[in-house]
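Below is one structure, written out as structure tokens, with a few remarks after it.
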Amino acid sequence: MSERPGPIVFGRPLMPRQQDLEQLLGPVFGSAQLTNGGALHDRLEAALRQDLGGHVSLVSSGTMALMLALRLGNLARGGEVITPPLSFAASVQAIDWCGFRPVFADVEPAFGTLCPLAVETAITPRSVAILAVHFQGIACDVAALEDIARRHGLWLVFDAAQAPDIELSGRNICLSGDASALSLHATKLLSTAEGGAVVLREAGLAPKLAQLRNFGLDGGQMTGPGINAKMSDLHAAFGLAVLPRVAQERAARRQLRRWYDAGFAGMPGASVLPPRPGSSESHLYYTLVMPSEQRDATIASLQADDILPRAPFPLLCGPGTMFEGAVVHSSRARAVAQTLAGHYLSLPLYGAMGRAGVDRVVKAVRRVLG
Ligand SMILES: *Cc1c(COP(=O)(O)O)cnc(C)c1O
């Protein structure tokens with residue numbers, strides 16, 4: 001009797017070695033400093049600054065990072081924020097929670113990220129900001145969006161939660177726009193279980209950010225807006241313990257991508273979502289693009305083999321959502337996001353699945369697509 005192999009889940013959190021975490025936590029027990037900028041918090045912040053080359057401020061979640069990055073712009077409340085309909089719920093919820101109005105602009109057919117032409121079409125006198133998303137680890141057209149933001153005086157925030165270590169033109173993608181938001185959630189490669197970071201190219205606005213994440217306090221005086229968005233030392237300890245494992249996990253995932261590429265070579269009816277030229281490949285997503293009937297059949301085939309692909313991302317403004325409404329299209333293209341939402345299929349991508357896992361996924365996909 002052959003043994004049935006275990007399930008392949010979509011993603012698995014990268015775990016630290018238990019002894020590394022315990023060692024880091026030792027001094028916390030001694031000092032009993034749990035939060036408010038403890039030693040481990042500061043160490044993790046410094047390590048990420050070193051890695052990314054910008055000014056990093058740790059916060060309690062990626063969603064909070066988005067909210068603070070928006071509030072950092074000092075924008076008129078009630079103003080419109082232009083954003084893509086293809087993303088995780090957090091990006092539009094952050095806009096709404098800050099008191100802005102989301103305006104959905106369509107995405108580019110080849111990359112699934114916010115379309116600069118559609119953004120220009122969506123701009124009104126009420127526009128205050130653009131919140132673009134490096135969706136599924138694909139870099140936005142950063143240069144075009146920066147140009148639009150500059151010409152129209154709009155604040156530009158990038159949601160980099162799904163693109164934690166993408167390089168664009170030789171530098172980390174988080175050094176784009178006015179601010180970028182990172183997630184350190186368990187599902188996002190480097191994790192603090194729950195957590196996030198705001199990344200700025202320069203430190204100029206860092207004091208304002210420090211105030212925003214700490215109740216609006218500046219030297220004990222409540223002189224501006226703020227909330228509690230601090231990351232605790234317990235979460236930072238987890239991040240510091242995971243950090244040494246990230247490089248190896250990235251390398252493993254790059255190898256998985258090559259095995260997937262080889263397995264799907266010459267497969268009719270589907271293509272791999274490519275990185276934007278000039279940018280690196282995603283370590284979070286390996287996404288196939290195929291017609292929706294085939295996609296649904298492929299999902300069923302994977303599930304029959306105990307393989308769980310990423311549940312598709314529905315449109316953020318689709319029927320039944322709280323933001324149900326129109327998408328502004330570029331004059332050339334029509335309803336791109338809606339089409340792509342039905343075409344994307346993201347496959348499992350984590351080191352522990354190994355070659356055998358990739359082979360199993362490829363076989364189940366090829367059963368449908370040939
Ligand atoms: C995960 C994610 C977030 C939110 O991150 P949290 O840390 O879970 O709050 C925001 N935007 C996108 C696109 C995401 O995938």
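Report whether or not P319 is within 18 Å of the chain's Cα centre (by Cα) and of a type outside the set (S, T, Y).
The answer is no for P319.
Considering each of I123, I166, I173 in turn, give the residue that is among the aliphatic types (A, V, I, L, M) and either more than 16 Å from the ligand (Cβ to nearest atom) or in the same structural domain as L316 (by TED's automatic domain parsing) (or both).
None of the others qualify; the one that does is I123.
Just give me the residues in region 144-177 being of a type in the set (S, T, Y) and open to solvent by 10 Å² or more (accessible area, probe 1.4 Å), in sequence order.
The answer is S169, and nothing else.
Looking at R43, R17, which is the one that is over 26 Å from V199 (Cβ atoms) and in contact (Cβ under 8 Å) with a residue 40 or more places away in the chain?
After ruling out the rest, the residue left standing is R17.
Can you name the condition, by its number, that D218 falls short on among (1) open to solvent by less than 40 Å² (accessible area, probe 1.4 Å); (2) away from the ligand (no atom under 16 Å from the Cβ)?
That leaves (1) as the condition not met.
Which residues, counting only those in region 128-139, are crowded, with 22+ Cβ neighbours inside 10 Å and in contact (Cβ under 8 Å) with a residue 40 or more places away in the chain?
Within region 128-139, A129, I130, L131, A132, V133, F135, Q136, G137, I138, A139 qualify.
Hey, does region 66-86 have a residue that's surrounded by 24 or more Cβ atoms within 10 Å (Cβ to Cβ), touching a residue at least 24 places away in the same chain (Cβ under 8 Å) and of a type in the set (S, T, Y)?
yes
Looking only at region 290-300, decide whether some residue is surrounded by fewer than 18 Cβ atoms within 10 Å (Cβ to Cβ) and within 21 Å of the chain's Cα centre (by Cα).
No.
(1) touching a Gly at 6+ places or on another chain (Cβ under 9 Å); (2) open to solvent by 40 Å² or more (accessible area, probe 1.4 Å); (3) of a type in the set (S, T, Y): which one isn't true of S271, the others all being true?
(1)
The values are calculated or read from the model by the stated rules, or taken from the named source; none is laboratory data. Small disclaimer: the values here were computed from a predicted structure and weren't measured. All Cβ positions, even for glycine, are placed from backbone atoms using ideal geometry, and neighbour counts span all protein chains on display. All accessible areas refer to the heavy atoms of the entire protein, side chains included, with ligands and DNA or RNA removed. Shrake-Rupley method; radii C 1.70, N 1.55, O 1.52, S 1.80 Å.
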